[in-house]
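Colleague: Dropping a structure here in structure tokens format, bear with me for questions.
The values are calculated or read from the model by the stated rules, or taken from the named source; none is laboratory data. Since the structure is predicted, the reported quantities are computational estimates derived from the model, not experimental observations. No Cβ is skipped: glycine too gets one built from the backbone with ideal geometry, and neighbour counts run over all protein chains shown. Side chains are part of the model used for accessible areas, which takes the heavy atoms of the whole protein and leaves out ligands, DNA and RNA. Shrake-Rupley method; radii C 1.70, N 1.55, O 1.52, S 1.80 Å.
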Amino acid sequence: MSTRYEVVFSCYLRDDTPERVMAALRWHLGMNADFPEGLDDQDGQLYPLLVADSYANRRVPGGDAVSLHREVQEFTSHGELHEWELFARNHWVDDSMLYLRNLLDLLAPHIARPGYGGHFRDIHDTNVTIFDFRNGTYEPIKIWGVD
């Protein structure tokens, strides 16, 4: 039997995020069907990780949700400041968790705002591991829940 996880990304990417990263992200979100050039698929098993599953298959209340939007974050004397708003909440089986690090490595150098960028947790557990994005990298931080 597989262990199942709730995986959440809730972060902003800089407006100057390279197109190759955005193409990979769009593919993972199911917004583009073509496998992006330059995405690492060493074992030939990589599949879109952030596509919202159908409600028939949901295991986490509320179901999967994904969005990627370019938003105005601020008005400056030089014009509007844009950022890419990423939100994805998905249900993953343990085999998919093998690819989480690659996805975090893809996003981390382009995060617009340091700090919380999402989390994952076993769906039957209260312990959460958050993604703390800082200085172009991330650190997983375990938060113990209340039992």
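Conditions (1) small (Gly, Ala, Ser); (2) at pLDDT 90 or above; (3) more than 15 Å from Tyr5 (Cα to Cα), marked per residue:
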site: Asp53; (1), (2), (3): no, no, no
site: Ala56; (1), (2), (3): yes, no, yes
site: Val60; (1), (2), (3): no, no, no
site: Leu81; (1), (2), (3): no, no, yes
site: Trp84; (1), (2), (3): no, yes, yes
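Colleague: Can I ask one more? Looking only at the stretch 108-147, count every residue that is charged (D, E, K, R) and open to solvent by less than 60 Å² (accessible area, probe 1.4 Å) and tell me the total. Walk me through it before giving the result.
Modeller: Within the stretch 108-147, the first condition is being charged (D, E, K, R), and the residues that meet it are 113, 121-122, 125, 132, 134, 139, 142, 147.
After this cut, where a residue has to be open to solvent by less than 60 Å² (accessible area, probe 1.4 Å) as well, the list is 121-122, 125, 132.
Number satisfying all stated conditions: 4.
Colleague: Which of the following residues is among the polar types (S, T, N, Q) and open to solvent by 70 Å² or more (accessible area, probe 1.4 Å): Ser77, Ser96?
Modeller: Numbers: Ser96 fails: open to solvent by 70 Å² or more (accessible area, probe 1.4 Å).
Sole residue among the options that is among the polar types (S, T, N, Q) and open to solvent by 70 Å² or more (accessible area, probe 1.4 Å): Ser77.
Colleague: State the number of residues belonging to the stretch 122-141 that are at positive phi and within 17 Å of the chain's Cα centre (by Cα). Don't jump to the end; show me each part of the working.
Modeller: Of the residues in the stretch 122-141, the ones at positive phi are 135-136.
Now restrict to residues that are within 17 Å of the chain's Cα centre (by Cα): 136.
So the count comes out to 1.
Colleague: I'd like to know if the stretch 10-27 contains one or more residues that are open to solvent by 30 Å² or more (accessible area, probe 1.4 Å), hydrophobic (A, V, I, L, M, F, W, C) and not in a helix (DSSP H, G or I). It would help to see each step written out before you state the result.
Modeller: Taking the stretch 10-27 and keeping what is open to solvent by 30 Å² or more (accessible area, probe 1.4 Å), we get 10, 12, 14-16, 18-20, 26.
Keeping just the survivors that are hydrophobic (A, V, I, L, M, F, W, C) gives none.
Checked against the condition, which is being open to solvent by 30 Å² or more (accessible area, probe 1.4 Å), hydrophobic (A, V, I, L, M, F, W, C) and not in a helix (DSSP H, G or I), the stretch 10-27 yields no hits at all.
Colleague: In the stretch 72-130, what residues are part of a loop (DSSP other than H, G, I, E, B), charged (D, E, K, R) and touching a residue at least 24 places away in the same chain (Cβ under 8 Å)?
Modeller: Here is the first cut: in the stretch 72-130, the residues part of a loop (DSSP other than H, G, I, E, B) are 77-78, 112-114, 123-127.
Next, from what is left, pick out any that are charged (D, E, K, R): 113, 125.
Result: Arg113, single match.
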